[in-house]
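Student: Can you keep this structure in mind? I'll have questions shortly.
The values are calculated or read from the model by the stated rules, or taken from the named source; none is laboratory data. All values reported here derive from a predicted model rather than from experimental measurement. Note: ideal-geometry Cβ built from the backbone for every residue, glycine included; neighbour counts use all protein chains shown.
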Amino acid sequence: MVYSAALLVSALFVTAAFAAPSRDARMANRLARRRAGAHQSRPLQRTERHGSNVTEVEYSSNWAGVVWDSEPSGTFKSVTGTFTVPTPKAPSGGSGEYSASAWVGIDGDTCDSAILQTGIDFTISGGRTSFDAWYEWYPDYAYDFSGISISSGNTIKLTVTASSTKAGTAVIENVSTGKTVTKSITSSSALCQENAEWIVEDYEEGSSLVPFANFGAVTFTDASATTSSGSLGPSGATVIDIKQNNKVLTSVSTSGSGVTVSYV
């Protein structure tokens, strides 16, 4: 009986050893796909435009937030914004893995041949959350920053700066932990420096959009864009909501130097 009991305990440990890492393995596989170039932000995929003489809202399949779709006071040089990392959830009735990404960037709307951007992905998988800090110069893929950790509730400051049309920097500061990472980037794809944006995105893995997470709300504060002739905030920029399968998934509002993107 002692021998049988020992075998049973051993079998249980072996079973647990093979079962327990399943969620970790899914996370590791997703990160491996990102590092292999599977994750990619895309230019704005505008689908509809609705408005009145007071408010105009545009819809896209992948971006929610605000976009300067022309350079109202000069060429855009940098964009910055600060937000609190949300705790993502599966949509009502959903199961599996869901993600979304909050970022700031230059270009991607009227100029869709290049985008300089940096941001944070938030993912829920099997009830477990994970976060990735990344930078991207589209049409290249997103690359993860190393040396920085992100958690729900952290205050994150994002900044991109174009030193020329083919060179710039991406900076992510975790204000809560005091850690900052910076990446100098060059590209053969030239920026037009026509657009500035503060966005929550349903990004792509492979050639399709990832299942979109319920992120609650992301509020960009101290949001500003620097141009060759001054600086401006998001007020007055074009408001964009995500609409998929005839269903509006977000609600965006602006106030002075703030942008709030809410999941609905």
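Student: Quickly run through region 222-251 and pick out the residues that are β-branched (V, I, T) and either farther than 19 Å from F122 by Cα or more than 18 Å from the chain's Cα centre (by Cα) (or both).
Tutor: Within region 222-251, T226, T227, T238, V239, I240, V248 qualify.
Student: Search region 114-143 for residues being among the aliphatic types (A, V, I, L, M) and at pLDDT 95 or above, and hand back the single one that is farthest from I199 (Cα to Cα).
Tutor: Only one residue fits best here, namely I124.
Student: I want to confirm something. Restricting to region 190-225 and keeping residues that are assigned to a loop (DSSP other than H, G, I, E, B) and touching a Pro at 6+ places or on another chain (Cβ under 6 Å), which single residue is surrounded by the fewest Cβ atoms within 10 Å (Cβ to Cβ)?
Tutor: G216
Student: Would you check if there is a residue in region 131-140 being part of a loop (DSSP other than H, G, I, E, B) and surrounded by 20 or more Cβ atoms within 10 Å (Cβ to Cβ)?
Tutor: For region 131-140, residues part of a loop (DSSP other than H, G, I, E, B) and surrounded by 20 or more Cβ atoms within 10 Å (Cβ to Cβ): absent.
Student: Name every residue in region 82-111 that is within 13 Å of W63 (Cα to Cα) and either among the aliphatic types (A, V, I, L, M) or without any contact (Cβ under 8 Å) to a residue 12 or more places away in the chain (or both), in order of residue number.
Tutor: Matches in region 82-111: A100, A102, V104.
Student: For region 85-99, what are the residues that are in a strand (DSSP E or B), crowded, with 19+ Cβ neighbours inside 10 Å and not acidic (D, E)?
Tutor: Scanning region 85-99 gives Y98, S99.
Student: Within region 175-219, which residues are within 21 Å of T110 (Cβ to Cβ) and either among the hydrophobic types (A, V, I, L, M, F, W, C) or without any contact (Cβ under 8 Å) to a residue 60 or more places away in the chain (or both)?
Tutor: Residues satisfying the conditions are S188, A190, L191, C192, A196, W198, I199, V200.
Student: Here is a follow-up. I'd like to check something: does region 207-224 contain any residue that is small (G, A, S), under 22 Å from A114 (Cα atoms) and at pLDDT 95 or above?
Tutor: The answer is yes, given that some residue of region 207-224 is small (G, A, S), under 22 Å from A114 (Cα atoms) and at pLDDT 95 or above.
Student: Something else: Which residue pairs have Cβ atoms closer than 7 Å, lie 6 or more positions apart in sequence or on different chains, and pair a first residue in region 246-264 that is modelled with pLDDT of 95 or more with a second residue that is of a type in the set (D, E)?
Tutor: V248/D241; T250/D241; S251/D241; V252/D241
Student: Within region 169-186, how many residues are of a type in the set (S, T, N, Q) and outside any strand (DSSP E or B)?
Tutor: Adding up the residues that qualify gives 2.
Student: Quick check, is S151 surrounded by fewer than 19 Cβ atoms within 10 Å (Cβ to Cβ), assigned to a loop (DSSP other than H, G, I, E, B) and touching a residue at least 12 places away in the same chain (Cβ under 8 Å)?
Tutor: yes
Student: A further question on this structure: Taking the conditions exactly as written (under 23 Å from T180 (Cβ atoms) and touching a Lys or Arg at 6+ places or on another chain (Cβ under 7 Å)), does D144 satisfy them or not?
Tutor: It is true that D144 is under 23 Å from T180 (Cβ atoms) and touching a Lys or Arg at 6+ places or on another chain (Cβ under 7 Å).
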